[in-house]
Amino acid sequence: MKKTISVLLVAVLLFSLAACGSASQTQPASQQTQESVAETAHPEPAADAGTEQQTAADAEASEKSGSNILVLYFSRTGEQYNVGVIEKGNTAIVAEMIGEATGADLYEILPADDHYPMTYKELTDVALQEQRDGARPAYAGELPAFESYDTIFIGAPVWWGDWPMILYTVFESTPLSGKTLIPFSTHAGSGLSGFDRSLAAAYPDCTVAKGLAIAGTDAQNNPDKVQTSVANWLSELGF
Ligand SMILES: Cc1cc2nc3c(=O)[nH]c(=O)nc-3n(C[C@H](O)[C@H](O)[C@H](O)COP(=O)(O)O)c2cc1C
């Protein structure tokens, strides 16, 4: 029901944006919800974001602590919504907080062929096209050995009201059963945006625990507030 309402909201907002004929037509419509009303102007596109994504080799060298908890996440640097050009992705910041609090291993999902633009508007265009095409962008390298983990936190930015398509590539190529999966998002107003429901649909043999949604602007600019939200959530989950 929530998903239906979100989809309707997105459709209405897309229609009104189209009617305005402005350059923000391709801005994810769900960003036009409560948070963006309170936010200031959309950031100016940067000519050159100048920030490279972590390499696959770096990702493979992610810390291995022997923990049975994994934080698997996708996140982008470069120009992001309402935070300008960032050097650490919003979701990456939250992922690291979860890792620190739980002693989990961290693994960043990276695209095999990094075709994602470092400027916000161009990135939204590419992501929208991928969603419309039902694309399954390839990820770089080998994912971790999931049998070592009982609990997997899975986090990503909300892209057009859903997981970025690369997460579906991961879900579809990674059979998991009997594990506890815990979704988290960063977003610009859409909250968890059904991440929990789509995760449960992808993994009917797993338990999907209560997720956490963090505003991307808070992750970037208000880490103390986010730290408290993460700590409270983890404590509710029994960590
Ligand atoms: C392609 C794209 C689509 C987005 N779509 C939405 C959306 O539908 N709803 C929303 O609340 N935020 C949306 N956002 C904002 C991001 O979810 C938010 O900025 C997030 O914190 C970025 O995290 P990251 O730095 O880890 O990539 C979108 C951002 C991008 C780049």
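The values are calculated or read from the model by the stated rules, or taken from the named source; none is laboratory data. Please read these numbers as outputs of a predicted model, since none were measured by experiment. No Cβ is skipped: glycine too gets one built from the backbone with ideal geometry, and neighbour counts run over all protein chains shown.
Checking 223, 204 one by one, the residue that is surrounded by fewer than 19 Cβ atoms within 10 Å (Cβ to Cβ) and away from the ligand (no atom under 16 Å from the Cβ) is 204 and no other. Checking the stated criteria, residue 234 turns out not to satisfy the condition of being in contact with a helix residue (DSSP H, G or I) (Cβ under 9 Å, 6 or more places away or on another chain), within 15 Å of the ligand (Cβ to nearest atom) and among the aliphatic types (A, V, I, L, M).
Taken residue by residue, segment 133-144 has no member that is within 16 Å of the ligand (Cβ to nearest atom), closer than 21 Å to residue 234 by Cα and more than 15 Å from the chain's Cα centre (by Cα). Those strands (runs of 3 or more DSSP E) of segment 12-125 in which 1 or more residues are modelled with pLDDT of 50 or more, of a type in the set (Phe, Trp, Tyr) and surrounded by 15 or more Cβ atoms within 10 Å (Cβ to Cβ) occupy 69-73, 105-108.
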